[in-house]
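Visitor: Quick one: this structure, given as structure tokens, is what I'll be asking you about.
The values are calculated or read from the model by the stated rules, or taken from the named source; none is laboratory data. No experiment lies behind these values; they were computed from the predicted model shown. Methodologically, a virtual Cβ is constructed for each residue, glycine included, from the backbone with ideal geometry; neighbour enumeration extends over all protein chains shown. Areas reflect the complete protein model, heavy atoms only, side chains present, ligands, DNA and RNA absent. Shrake-Rupley method; radii C 1.70, N 1.55, O 1.52, S 1.80 Å.
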Amino acid sequence: MGESTKERLFTHLARVGKALGNGKRLELIDLLAQGPRSVAELAEAAQAGLTTTSAHLQVLKHAGLVRTTRAGTTIFYDLAGDDVAELYARLRDVAATRVADVAPVARDYLGPADTEQVSREELLDRVHQGDAVVVDVRPGSEFAAGHIPGAVSIPLDELAERLDELPPELEVVAYCRGAFCVFSHEAVRLLRARGRRARRLEDGILEWRLAGEPVVTAAAS
């Protein structure tokens, strides 16, 4: 007896689940949530080989989760839509709540709970009052693709050498990619070790964007 229409329907629905059922592919989605990238850029950021990265991207594309554009001879990948970013964020949050192994591994990765955080609402209020400077500690290409209005781009690996660019009288609020991004934690630790007042955004640009908060590109800022 052949596969029923209902079975075929659920088989097609499962393509999305299968595409998401790989840690490296989830990491690629996390990176693409920051903006379009080439295969080479994704491979470098994810610390994976070009062939492996390309294969993962093809699985994601086959499931309709990513799309491609061409600029000259270079192909760029991007998330197929905001619904994919929302799906990824929801998957991550459910896993963090339901899978016991996530919390201890996240602590090992992000480090001890020694960095204070601020909410999106408090960040907006502090910036409006002019008593905080917002620093985007992601790589410059991610900042250019979209960032919090008024934020200053100082990638984490440049922060120690560029401290004098930050007004000493203002508190620094650092942010990066999302809830599981280590850059903002490390930035706050570095700033506090140098005697600066610093906190981090409670999550990151992914959650900021999905909450409907304003995002600007480098060209528009």
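Visitor: Report yes if some residue within the stretch 161-175 is under 26 Å from ALA89 (Cα atoms), among the hydrophobic types (A, V, I, L, M, F, W, C), under 15 Å from the mean Cα position of the chain (by Cα) and open to solvent by 10 Å² or more (accessible area, probe 1.4 Å); otherwise report no.
Guide: Looking through the stretch 161-175, none of the residues is under 26 Å from ALA89 (Cα atoms), among the hydrophobic types (A, V, I, L, M, F, W, C), under 15 Å from the mean Cα position of the chain (by Cα) and open to solvent by 10 Å² or more (accessible area, probe 1.4 Å).
Visitor: Go through ARG107, ARG70, ARG25 for me and flag whichever is part of a helix (DSSP H, G or I) and open to solvent by 90 Å² or more (accessible area, probe 1.4 Å).
Guide: Going through ARG107, ARG70, ARG25 in turn, the sole match is ARG107.
Visitor: Run down LEU156, LEU191 and say which single residue is at pLDDT 95 or above, open to solvent by 30 Å² or more (accessible area, probe 1.4 Å) and in contact with a Leu (Cβ under 9 Å, 6 or more places away or on another chain). Before you say what the answer is, go through the steps one by one.
Guide: Values: LEU191 fails: open to solvent by 30 Å² or more (accessible area, probe 1.4 Å).
Result: LEU156 is the single residue among LEU156, LEU191 that is at pLDDT 95 or above, open to solvent by 30 Å² or more (accessible area, probe 1.4 Å) and in contact with a Leu (Cβ under 9 Å, 6 or more places away or on another chain).
Visitor: Then there's this: If I ask for residues that are of a type in the set (Phe, Trp, Tyr) and out of contact with any Lys or Arg (no Cβ under 9 Å at 6 or more places or on another chain), which ones from the stretch 70-119 would you list? Can you show your working first?
Guide: Keep residues of the stretch 70-119 that are of a type in the set (Phe, Trp, Tyr), which gives 76-77, 88, 109.
Answer for the stretch 70-119, where residues must be of a type in the set (Phe, Trp, Tyr) and out of contact with any Lys or Arg (no Cβ under 9 Å at 6 or more places or on another chain): TYR88, TYR109.
Visitor: Among residues belonging to the stretch 36-57 that are in a helix (DSSP H, G or I) and open to solvent by 50 Å² or more (accessible area, probe 1.4 Å), point out the one that is nearest to LEU13 (Cα to Cα).
Guide: It comes out as ALA55.
Visitor: Which one of the conditions (1) in a helix (DSSP H, G or I); (2) loosely packed, with under 12 Cβ neighbours inside 10 Å does LEU60 fail to meet, given that it meets all the rest?
Guide: LEU60 satisfies every listed condition except (2).
Visitor: Just give me the residues in the stretch 77-95 being free of Cβ contacts under 8 Å to residues at least 40 places away in the same chain and open to solvent by less than 40 Å² (accessible area, probe 1.4 Å), in sequence order.
Guide: ALA80, GLY81, ALA95
Visitor: Among (1) part of a loop (DSSP other than H, G, I, E, B); (2) in contact with a strand residue (DSSP E or B) (Cβ under 7 Å, 6 or more places away or on another chain), which single condition is ARG199 missing?
Guide: All conditions are met except number (1).
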